[in-house]
Amino acid sequence: MTAVFLGIPTAPAGVGNLRGDRSFPDAARDALRDGQLRANLGHATTTIRGKRAGVVAEVPDWAELREAGRAIKAATMARLDEHLIALEEQVTARGGTVHWARDATEANQIVTALVQATGATEVVKVKSMATQEIGLNEALEAAGIEALETDLAELIVQLGEDKPSHILVPAIHKNRAEIREIFARTIPGVDPHLTDDPRKLAMAAREHLRERFLRARVAVSGANFAVAETGTLAVVESEGNGRMCLTLPQTLITVMGIEKLVPTWRDLEVFLQLLPRSSTGERMNPYTSLWAGITPGDGPQDFHLVLLDNGRTAVLADEVGREALHCIRCSACLNVCPVYERTGGHAYGSVYPGPIGAVLSPQLTGVEDNASLPYASSLCGACYDVCPVAIDIPSILVHLRAEHVEAQTRTTPEAAAFRALSKVMSHPRLWRLAQRAAGLGRFLARGRPTLPAALPPPASAWTRTRDLPTPPAKTFTQQWAEEHGS
Amino acid sequence: MRVALFATCLVDTMVPQVAHATATLLQRLGHEVIVPAGQSCCGQMHVNTGYRREAVPIVANHVRAFAGAEAIVAPSGSCVASIHHQQAAVARRAGEHALADEAEALAGRTYELSQFLVDVLGVTDVGAYYPHRVTYHPTCHSLRLLRVGDRPLQLLRAVRGLDLVELPGAESCCGFGGTFAVKNADTSTAMLTDKMANVLATHAEVCTAGDSSCLLHIGGGLSRLRSGTRTVHLAEILASTEENSVQNGASAPSGTAIVPGRVDL
Amino acid sequence: MSARDDVLARIRTALGTQQPPTEVARDYRTTDDRPLPELLDVLTDRLEDYQATVHRCAPDAIGPTVTAALHGIPGDVVVAPGVPAQWRPAGAIEDDGRPAVDLTAFAATLTGVTVAVAETGTLVLDASPICGRRALSLLPDVLVCVVTADQVVGSVPEGLARLDPLRPLTMISGPSATSDIELQRVEGVHGPRTLLVVLASD
Ligand code: SF4
């Protein structure tokens with residue numbers, strides 16, 4: 001069953017950051033030429049892979065935790081409506097207000113109106129994929145509200161007028177020297193002798209943001225988890241910028257995808273083990289904040305939770321693809337992906353890059369709007385191996401390729417070729433003839449061991465960088481039959 | 001044991017010497033080898049490119065060709081993984097439940113070469129002789145879908161004369177990925193370049209693996225660079241003995257090591 | 001239809017009538033049976049691994065240990081209202097509920113904790129009187145937490161079981177840190193840059 005068939009809308013175009021303007025192969029071609037980018041990514045992903053492997057190996061029951069994580073998410077999705085209603089009741093009972101948004105446009109309107117109601121013209125933000133996805137900063141800016149990103153990497157991206165390229169470390173494509181340059185250029189009053197020592201750079205960010213935290217009246221956050229039975233929300237972070245935003249302002253607005261839910265408090269005992277080890281490669285991240293509604297005398301006294309659909313229910317309608325909603329955004333799959341490591345995140349065109357992006361973005365937008373992404377993988381399976389909730393990303397990629405193929409109304413040359421080949425390969429007599437025809441390729445080689453590099457497309461895509469051996473005169477089965485009869 | 005050899009479409013058509021080597025090896029170990037004539041392809045390329053409906057008749061052909069076989073062996077981790085993980089699923093999705101059941105039963109009797117040797121036959125020393133410096137690339141589907149683990153290395157370590165060198169970054173994908181190599185040729189080439197750099201850093205004469213598809217890709221790149229390092233399938237190394245050693249013409253492209261007298265190029 | 005009804009209706013349509021099984025097998029470890037002294041050592045090791053400083057002492061020596069730990073830190077110390085008198089260093093000021101941002105005037109904070117998880121080196125503060133409101137453990141640059149042996153558990157599941165999910169909770173594992181520059185961990189960003197832990201046991 002698919003969303004199209006059931007009439008469930010996908011994420012609308014024209015708002016948010018789920019669609020690129022180029023196909024993956026085109027965008028990747030440019031990225032691959034950027035030697036600095038390749039070096040930065042290679043260095044960063046190698047570092048984090050090693051750290052993750054170390055702290056995962058420490059946990060004797062990792063496989064059991066992973067299975068529990070998978071099962072909890074599957075169970076959550078199976079009763080998503082009931083859990084959301086429970087969450088709404090709990091949050092409301094504890095003094096919060098729950099809003100529902102069908103899509104990015106509606107969510108942006110809700111948040112903008114809430115900020116406007118406070119009279120504030122600036123908000124501080126905790127890094128949040130959901131608000132990146134819906135383009136909230138752009139929407140707020142259009143309404144005359146300045147949104148200040150407070151996560152170090154998000155700040156680097158914002159100051160550099162860049163785009164995030166990783167779900168955990170949005171500035172992973174920048175090295176320390178480039179970050180120093182951005183800070184020196186854009187932070188008013190920054191120490192002119194600022195060096196590229198990461199510690200010095202972090203201190204510069206602390207200085208820059210301190211005053212803004214203290215004067216902020218409104219904060220916008222995402223949520224890593226929401227517990228349906230208690231109304232507890234969780235933000236997992238490292239720097240303390242999250243705590244600043246969740247604690248100091250009077251008003252807190254949390255935007256959360258509807259899939260971020262877990263049914264029970266106890267479920268967090270699984271995810272708080274899986275997430276930090278998979279994402280930053282730490283046994284536990286420095287800070288996790290948990291709150292339920294409002295607490296008199298402590299933290300924001302006005303709390304709003306915006307529950308976002310924006311294509312998620314369309315994903316839920318696909319029995320194979322819905323597993324992508326289990327993602328806890330740890331980014332382990334990006335860090336091990338050989339494609340991501342070489343192209344970086346921008347090539348994916350969406351705020352969700354890497355293997356999870358390649359299965360999530362096309363489902364949120366409808367596969368035809370991100371049709372090249374399911375093919376942006378060699379299906380090596382490294383993502384599935386590290387995923388802490390065991391999302392079988394390669395199988396979903398293959399499934400989405402089929403969805404794309406089956407969505408075509410006209411026969412493409414590729415489809416014609418594959419259909420013909422299917423017929424041939426399912427009839428041994430035709431197959432033998434076809435193999436013999438392939439063997440004729442040897443005449444192109446004129447006695448050389450490899451075929452010429454200048455072949456017509458699509459063969460040229462291979463031979464541009466790789467030799468193709470000259471086909472043998474006889475296939476194995478042919479020769480075997482000659483020698484052994486049959 | 002009577003072993004049915006599934007050559008796979010790629011080996012059968014492009015690198016027949018790998019299937020010959022597999023047959024020679026199994027015969028040398030005292031087993032009877034049969035090559036069912038109706039065989040063509042496992043259907044993986046269709047499934048992985050999005051043509052899962054079109055894969056169903058190919059799966060049906062495969063099941064027909066190997067019906068009744070006691071044990072099926074293929075010199076390819078990737079094809080065996082597809083037989084294990086994809087064939088029944090695409091049949092079931094198409095509503096062909098009887099075919100799916102048959103495919104499942106067949107998958108239970110289908111083995112990748114190194115698994116068959118180590119797990120079923122219980123041998124690691126196959127009596128091979130191969131006096132070369134060799135590095136081993138664990139192909140992704142052997143590694144992560146079939147979990148062949150160190151079985152190929154166990155087999156290689158027992159080969160007389162063979163100098164086995166560890167491949168740095170061994171577990172990274174070589175960038176083949178079926179139609180990925182063509183649809184995302186630039187990224188594929190970038191991955192290949194890093195794989196080749198690691199292979200060349202070992203100063204091995206030969207890079208081996210359990211999949212001819214990946215070897216065709218790595219070997220095609222090494223050959224284009226005129227690197228002098230060639231690719232040879234694991235089966236060819238294991239088939240090689242003092243009496244019948246695998247030769248390589250100096251100018252033969254990687255992936256086309258030939259068993260003398262078998263193929264007239 | 002309201003957005004709420006719309007989204008809920010979409011979910012029901014998407015799920016259809018057949019719902020997948022919802023049992024969850026919890027075969028992972030939920031207890032850690034290592035003896036307490038070992039857990040205390042693990043906690044110390046994990047805290048130090050993330051650049052916290054651990055001072056171990058007997059339960060009756062908490063006060064002097066806190067004072068010694070704070071030695072050399074210039075500026076005033078603020079304590080959570082529930083912190084016992086014996087723990088407080090001389091001259092410490094009790095949090096009087098002033099506006100949160102004014103807490104930046106203090107150099108250091110002293111609080112207790114609710115529970116400590118050895119395996120991950122995590123301290124949990126639950127905004128109870130002994131832990132103080134959340135801003136208290138956030139704004140001053142030095143945070144001193146007193147942990148008593150009875151508060152230490154081995155694993156994350158044991159830790160969560162001791163917490164009240166309705167309270168504002170802060171889990172702290174080392175000083176604030178970032179890995180945002182080349183994925184290398186750097187300690188000390190917006191939260192306290194120094195974490196001192198006084199671990200009291202017999
Ligand atoms: S798909 Fe899995 S590995 Fe990738 S970010 Fe999500 S949870 Fe992490």
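The values are calculated or read from the model by the stated rules, or taken from the named source; none is laboratory data. Everything numeric here is computed off the predicted structure, so don't read it as measured data. Don't worry about glycine lacking a Cβ; one is built from the backbone with ideal geometry, like all the others, and counts go over all protein chains shown. Each accessible area value is taken on the protein alone, full model and side chains, heavy atoms only, with ligands, DNA and RNA left out. Shrake-Rupley method; radii C 1.70, N 1.55, O 1.52, S 1.80 Å.
Phi angles across segment A:379-394 convert, under the Karplus curve 6.51 cos²θ - 1.76 cosθ + 1.60 with θ = phi - 60°, into 3J(HN,Hα) values of 6, 6, x, 4, 5, 4, 4, 8, 4, x, 10, 6, 6, 7, 4, x Hz, Gly and Pro given as x. Coupling constants for segment A:73-82 follow from the phi torsions by the Karplus curve (6.51 cos²θ - 1.76 cosθ + 1.60, θ = phi - 60°), and in residue order they are 5, 4, 5, 4, 5, 5, 10, 4, 4, 4 Hz; glycine and proline get x. Taking amide H as placed 1.01 Å from N in the peptide plane, residue B:173 has no amide H partner under 5 Å among residues 5 or more places away or on another chain. Between 0 and 90 degrees, the angle of helix A:104-118 with respect to the longest Cα principal axis of chain A falls at about 10 degrees. Under a point spin-label approximation (7 Å from Cα along Cα-to-Cβ), what is the residue A:385-residue B:170 distance to one decimal in nm? About 1.1 nm separates the two model spin labels. Extending 7 Å from Cα along the Cβ direction at residue B:119 and again at residue B:70 yields two label points whose distance is 1.9 nm. When the charge dipole of segment A:105-208 is built from unit charges on Cβ atoms (+1 for Lys and Arg, -1 for Asp and Glu) and taken about the Cα centre, the candidate among A:208, A:129, A:195 whose Cα reaches farthest toward its positive end is A:195. Rounded to the nearest 10 square angstrom, residue B:195 shows an accessible area of 10 square angstrom against a 1.4 Å probe.
Projecting the Cα atoms of A:363, A:422, A:390 onto the dipole axis of chain A, where Lys and Arg carry +1 and Asp and Glu carry -1 at the beta carbon, places A:422 farthest toward the positive end.
Using only Cα atoms, locate the centre of segment C:47-113 and the centre of segment A:268-315, then give the distance between them in Å, rounded to an integer. Cα centroid of segment C:47-113 versus Cα centroid of segment A:268-315: 28 Å apart.
For the pair residue B:101 and residue A:446, a Förster radius of 30 Å applied to the C-beta separation gives a FRET efficiency near 0.05, rounded to the nearest 0.05. Here the spin labels are modelled as points 7 Å beyond Cα on the Cα-Cβ line, and at residue A:161 and residue C:48 they lie 5.0 nm apart. In deg cm²/dmol and to the nearest 500, what is the mean residue ellipticity at 222 nm of the protein assembly as shown if only DSSP H runs of at least 4 residues count, each as -39500 (n - 2.57), divided by the residue total? Result for the protein assembly as shown: -12000 deg cm²/dmol, rounded to the nearest 500. Buried accessible surface for the A/B pair, both sides summed and rounded to the nearest 100, is 6000 Å² with a 1.4 Å probe. Taking amide H positions as modeled 1.01 Å from N, with prolines and chain starts lacking one, the residues under 5 Å from residue B:71 and 5 or more places away or on another chain are B:4. Distance from the Cα centroid of segment A:68-103 to that of segment A:417-455 is 56 Å (rounded to whole angstrom). Computed with a 1.4 Å probe over protein heavy atoms only, the accessible area of residue C:141 comes to about 40 Å².
Shown here is the pair-distance distribution of chain A: with all Cα-Cα distances grouped in 20 Å bins from zero up to the longest one, the shares run 21, 51, 21, 7, 0 percent. Among the trypsin sites (Lys or Arg not before Pro) found in segment A:368-435, those both in a DSSP coil and sparsely packed, with 14 or fewer other Cβ atoms within 10 Å of their Cβ, are A:410. Over all projection directions, the Cα-based convex hull of segment A:143-246 averages an area of 7.9 nm².
To the nearest 0.05, how large is the calculated FRET efficiency for residue A:215 and residue A:82 if R₀ is 56 Å and r is the Cβ-Cβ distance?
0.85
Annotation: for a label point projected 7 angstrom from Cα along Cα→Cβ of residue C:76, residues of segment C:84-101 with backbone N closer than 18 Å are C:88-101. Among the trypsin sites (Lys or Arg not before Pro) in segment A:302-362, none sits in a DSSP loop with a Cβ that has at most 16 other Cβ atoms within 10 Å. Shape annotation for the protein assembly as shown: C-alpha extents along the principal axes are 98, 62, 54 Å, from largest to smallest.
Under a no-solvent Debye model with one identical scatterer per Cα of segment C:29-200, what's log10 I(q)/I(0) at q = 0.11, 0.17, 0.18, 0.19 Å⁻¹? Ignoring solvent entirely, the Cα scatterers give -0.43, -1.04, -1.16, -1.28.
Computed from phi, the 3J(HN,Hα) profile of segment B:71-77 under the Karplus parametrisation 6.51, -1.76, 1.60 (θ = phi - 60°) reads 9, 10, 10, 10, x, 7, x Hz, with x in place of Gly and Pro.
Enter the angle in degrees (range 0 to 90, nearest 10) between the Cα long axis of helix A:176-186 and the first principal axis of the Cα atoms of chain A, meaning the one along which they spread out most. That helix lies at roughly 50 degrees to the long axis.
What FRET efficiency would be calculated for the residue pair residue B:34, residue B:92, taking the C-beta separation as r and a Förster radius of 45 Å, to the nearest 0.05? Step by step, r from the Cβ atoms, then E = 0.95.
Charge dipole of the protein assembly as shown (Cα centre as origin; +1 on each Lys and Arg Cβ, -1 on each Asp and Glu Cβ, all else neutral): 3000 debye, rounded to the nearest 20.
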